[in-house]
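See structure below.
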Amino acid sequence: MSIKSDKWIRRMAEREGMIEPFEPEQVRYVNDKRVISYGTSSYGYDVRCTDHFKVFTNIHSAIVDPKGFDEKSFVDVRGEVCVIPPNSFALASTVEYFRIPRTVLTICLGKSTYARCGIIVNVTPLEPEWEGHVTLEFSNTTNLPAKIYANEGVAQMLFLESDEECETSYRDRGGKYMGQRGVTLPRT
C-alpha cells in the first residue's frame, strides 16, 4: 500500500470524478477573508462541511442507541457556524461527494486547527468502491462551547492505494451507507 500524492489526487478527481466539487489547490482565502484551509494538500484532501448540523442534546432525556436511534437525541442547526455545547457532539456532512476506487482505502482524520481547540473529528474509513457524502462526527472535548465553521476545512482525507484489488468491495457487499447524501444517522 502507498499513500497517494497531490498529483494522483488531482488526476483521480479530474479524470475519474473521485471528488466533487473538487478544489485542485489548497484554498486559504475566500473573498480576501482568511478561512480554515481546504482543497488538495501534499498527500491528502481537506474537506469542508455543509451548513446543516445535528447537535446532540439531552433535553428530551433520550438514550443514544445505535440499534434504535432516537431522533430526539439531537437538534437541527443551520448556519455558517455551529456551536457545539461543552462535552457534546455534532454531526455534519461534507460538501464533497466521494467515489472511492476499488483499489483505494481512504481515511478521514481531523485537522490540527480544530484538534488544538479540543474538537476531535472521528477517524472514519471510506472503503473501496464506497460513494457518497461523508457524515462527519465532531466531539467537543472541552468544558467550553466550541465553533465549527461551515464551508471551511474541517477534516483531511488520506488515500492509500493497494497493489491489488480487494476481493469484496463496499459496493459488492451492498453497504448500508452507500450513496448517502447529507447527514446520515446510524443504520443497522
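Hey, could you check the stretch 22-57 for residues that are among the aromatic types (Phe, Trp, Tyr) and in contact (Cβ under 8 Å) with a residue 60 or more places away in the chain and say which is farthest from residue 1 (Cα to Cα)? Steps first, answer last, please.
Taking the stretch 22-57 as the starting set, the residues that turn out to be among the aromatic types (Phe, Trp, Tyr) are 22, 29, 38, 43, 45, 53, 56.
Adding the requirement that they be in contact (Cβ under 8 Å) with a residue 60 or more places away in the chain leaves 22, 38, 43, 45, 53.
Details: 22: 24, 38: 25, 43: 14, 45: 18, 53: 35 Å.
Per the criteria, the residue is 53.
Which numbered condition in (1) in contact with a helix residue (DSSP H, G or I) (Cβ under 9 Å, 6 or more places away or on another chain); (2) closer than 23 Å to residue 3 by Cα; (3) aromatic (Phe, Trp, Tyr) is the only one that residue 97 fails?
In the conditions (1) in contact with a helix residue (DSSP H, G or I) (Cβ under 9 Å, 6 or more places away or on another chain); (2) closer than 23 Å to residue 3 by Cα; (3) aromatic (Phe, Trp, Tyr), residue 97 misses (1) alone.
Among the listed residues 139, 162, which satisfies the condition of being of a type in the set (S, T, N, Q) and surrounded by 16 or more Cβ atoms within 10 Å (Cβ to Cβ)? Walk me through it before giving the result.
Working: 162 fails: surrounded by 16 or more Cβ atoms within 10 Å (Cβ to Cβ).
Exactly one residue qualifies, and that residue is 139.
Within the stretch 33-65, restricting attention to residues that are at pLDDT 95 or above and acidic (Asp, Glu), which residue is farthest from residue 101 (Cα to Cα)?
51
Quick check on this structure: which one of 109, 105, 144 is aliphatic (A, V, I, L, M), closer than 21 Å to residue 9 by Cα and either loosely packed, with under 15 Cβ neighbours inside 10 Å or more than 12 Å from the chain's Cα centre (by Cα) (or both)?
Numbers: 109 fails: either loosely packed, with under 15 Cβ neighbours inside 10 Å or more than 12 Å from the chain's Cα centre (by Cα) (or both); 144 fails: closer than 21 Å to residue 9 by Cα.
Checking each option against the conditions leaves just 105.
Check 53, 69, 74, 98 and return the single one that is among the aromatic types (Phe, Trp, Tyr), touching an Asp or Glu at 6+ places or on another chain (Cβ under 8 Å) and within 23 Å of residue 141 (Cα to Cα). Reasoning before the result, please.
Details: 69 fails: touching an Asp or Glu at 6+ places or on another chain (Cβ under 8 Å); 74 fails: touching an Asp or Glu at 6+ places or on another chain (Cβ under 8 Å); 98 fails: within 23 Å of residue 141 (Cα to Cα).
53 is the lone residue from the list that is among the aromatic types (Phe, Trp, Tyr), touching an Asp or Glu at 6+ places or on another chain (Cβ under 8 Å) and within 23 Å of residue 141 (Cα to Cα).
The values are calculated or read from the model by the stated rules, or taken from the named source; none is laboratory data. The structure presented is a predicted model; accordingly, all values stated were derived computationally and were not measured. Backbone-built Cβ (ideal geometry, glycine too); neighbour counts: all protein chains shown.
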